[in-house]
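**Student:** Sharing a structure, written as structure tokens. Questions coming.
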Amino acid sequence: MTDSNLLQGPIHDVHVELGASFAPFGGWEMPVQYAGTVAEHTAVRTAVGLFDVSHLGKATVRGAGAAQFVNSALTNDLGRIRPGKAQYTLCCTPDGGVIDDLIAYYVGDDELFLVPNAANTAAVVAELRKAAPDGITVTDEHRGYAVFAVQGPRSAEVPAALGLPTDMEYMAFADAEWDGRPVRVCRTGYTGEHGYELLPRWADAEPLFRALLAEVRARDGQAAGLGARDTLRTEMGYPLHGHELSPEISPVQARCGWAVGWKKPEFWGRDALTAEKTAGPRRNLLGLKALDRGVLRQGQTVLRGDETVGETTSGTFSPTLKVGIALALLDTAAGLAPGDEVEVDVRGRRLRAEVTRPPFVTPHTS
């Protein structure tokens with residue numbers, strides 16, 4: 001049954017046709033699985049999978065000095081990249097909390113294209129609009145573009161078969177055309193595999209998705225849903241806002257300091273984050289690998305003996321490793337390090353787990 005309050009993407013009817021099961025996520029009705037999460041996860045790790053992630057936000061920042069303005073607001077340093085490249089970055093509060101993590105596409109000095117998380121797009125746009133100087137416009141284009149992710153070791157073959165560019169560096173993008181329609185092709189993704197994200201116009205989404213799916217299936221791949229997206233990103237230790245990042249969880253705690261331009265003179269939350277980095281965070285994000293049978297989930301207490309030492313932020317069964325894995329915020333004062341053993345309270349049962357540093361599997365993004 002469809003929840004009338006949930007938003008739907010541009011190819012919802014195609015997902016119904018493919019037999020998808022759905023669930024709410026970020027205010028959108030999302031396909032969770034088609035053939036099954038494990039099968040879809042395995043297709044991405046071994047061949048290729050196709051995701052519809054059109055729920056992701058889109059926004060443009062335009063005007064003289066747009067890149068300079070965005071660089072003064074978001075954490076990462078746009079000076080590290082050039083036009084035609086993309087960058088993972090964060091939009092923070094003055095106290096160092098995270099409004100959202102997003103990808104910034106450097107179109108030019110006077111134009112940035114942003115892809116925030118679905119539920120946080122309005123907040124990111126509102127903060128940028130509030131801070132934008134005269135002459136710079138921030139436009140919410142959430143329903144202006146679809147987003148399709150082609151991910152896996154055979155992913156390059158799929159857009160290439162449609163005449164789209166694939167020979168680009170990781171985190172680079174190119175604007176192209178397919179069937180006379182514009183599409184932005186990006187060497188990005190959220191699975192840890194070699195992959196591409198394609199952004200057609202919202203109205204052009206269905207024919208491109210069908211063409212991509214045909215090429216994916218021809219290479220022993222399949223459509224993949226939100227379930228596989230979550231197991232894949234958890235195996236890589238990639239943060240998900242609301243889990244590993246939030247207004248209460250800073251980039252320093254989440255080990256995302258690599259996405260902060262510490263030498264920049266300004267960005268939102270700079271003073272608070274610099275102070276936290278200098279003092280050392282009270283908790284750090286690490287991985288847990290189950291030593292006993294059981295599945296780890298978000299919000300479970302991590303213990304060492306009778307002492308509570310942290311809480312899981314995400315957890316799943318790893319289809320690749322065939323064990324339970326989790327990400328967890330662990331108290332710095334506990335002094336835990338990779339190789340140490342802890343226990344996780346799984347509905348009243350203590351499950352032994354080994355502390356590790358993600359990723360849990362080897363990345364193949366390059």
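The values are calculated or read from the model by the stated rules, or taken from the named source; none is laboratory data. Here the structure is a predicted model, which is why all the values come from computation and not from measurement. Note: ideal-geometry Cβ built from the backbone for every residue, glycine included; neighbour counts use all protein chains shown. These accessible areas exclude ligands, DNA and RNA; they are computed on the full protein's heavy atoms, side chains included. Shrake-Rupley method; radii C 1.70, N 1.55, O 1.52, S 1.80 Å.
**Student:** Which longest uninterrupted range of the chain lacks any chymotrypsin sites (Phe, Trp or Tyr not before Pro) assigned by DSSP to a loop state (not H, G, I, E or B) and surrounded by at most 14 other Cβ atoms within 10 Å?
**Tutor:** With chymotrypsin sites (Phe, Trp or Tyr not before Pro) excluded where exposed in loops, the chain gives 1-169 as its longest stretch.
**Student:** Per-residue HN-Hα couplings for the stretch 293-301, Karplus 6.51 cos²θ - 1.76 cosθ + 1.60 at θ = phi - 60°, whole Hz, x for Gly and Pro?
**Tutor:** 5, x, 10, 8, 9, 5, x, 9, 6
**Student:** Obtain the nm distance between the two label points defined at Thr332 and Asp109 by a simple spin-label model: each point lies 7 Å from its Cα along the Cα-to-C-beta direction.
**Tutor:** Output for this residue pair reads 4.0 nm.
**Student:** Collect residues whose amide H, placed 1.01 Å from N in the peptide plane, falls under 5 Å from the amide H of Ala23; neighbours closer than 5 in sequence don't count.
**Tutor:** Amide H to amide H, under 5 Å and 5 or more residues apart or across chains, Ala23 pairs with Met30, Val32.
**Student:** List the trypsin sites (Lys or Arg not before Pro) within the stretch 309-366 that DSSP assigns to loop and that have no more than 15 neighbouring Cβ atoms inside 10 Å.
**Tutor:** Answer by residue number: Lys322, Arg347.
**Student:** So what's the net charge close to Leu90: Lys and Arg +1, Asp and Glu -1, counting the other residues with Cβ under 11 Å from its Cβ?
**Tutor:** Its environment carries a net charge of -2.
**Student:** Accessible area of the chain with a 1.4 Å probe: how many percent of it is carbon plus sulfur?
**Tutor:** Within the chain, the accessible surface is 49 percent carbon and sulfur.
**Student:** Once amide H atoms are built 1.01 Å from N in the peptide plane, which residues 5 or more positions from His142, or in another chain, come under 5 Å H to H?
**Tutor:** When sequence neighbours closer than 5 places are left aside, the close amide H contacts are Lys58.
**Student:** From the P(r) of the stretch 153-262, can you give the percent of Cα pairs sitting at distances over 19 Å?
**Tutor:** Taking all Cα-Cα pairs of the stretch 153-262, the fraction more than 19 Å apart is 55 percent.
**Student:** As a test of the definition: which semi-axes, in Å, follow for the stretch 283-366 when you take the square root of five times each eigenvalue of its alpha carbon gyration tensor? Largest first, please.
**Tutor:** Ellipsoid semi-axes (Å, largest first): 20, 15, 10.
**Student:** Sort Thr316, Thr42 from largest to smallest accessible area, using a 1.4 Å probe on the heavy atoms of the protein chains.
**Tutor:** If we order Thr316, Thr42 from most to least accessible, we get Thr42, Thr316.
**Student:** Check each of the trypsin sites (Lys or Arg not before Pro) in the stretch 207-265 and keep only those in coil by DSSP with at most 11 other C-beta atoms within 10 angstrom; list them in order.
**Tutor:** Those satisfying the criteria are Lys263.
**Student:** What does the accessible area per residue of the chain come to in Å², with a 1.4 Å probe and no ligands, DNA or RNA counted?
**Tutor:** 41
**Student:** Could you state how much accessible area His12 has, in square angstrom rounded to the nearest 10, with a 1.4 Å probe and all protein chains kept in place?
**Tutor:** 20
**Student:** Could you give the size of the charge dipole of the chain about its Cα centre, using +1 on the Cβ of each K and R and -1 on the Cβ of each D and E, expressed in debye and rounded to the nearest 20?
**Tutor:** 620
**Student:** Within a Cβ distance under 15 Å of Leu50, other residues only, what is the Lys/Arg minus Asp/Glu net charge?
**Tutor:** With Lys, Arg at +1 and Asp, Glu at -1, the net is -3.
**Student:** Continuing with the same structure: Taking the convex hull of the alpha carbon atoms in the chain, what volume per residue do you get, in Å³?
**Tutor:** 136
**Student:** Would you mind putting 117-128, 91-102 in packing order, based on average other-beta-carbon counts within 10 Å, highest first?
**Tutor:** So the order, starting with the most tightly packed, is 91-102, 117-128.
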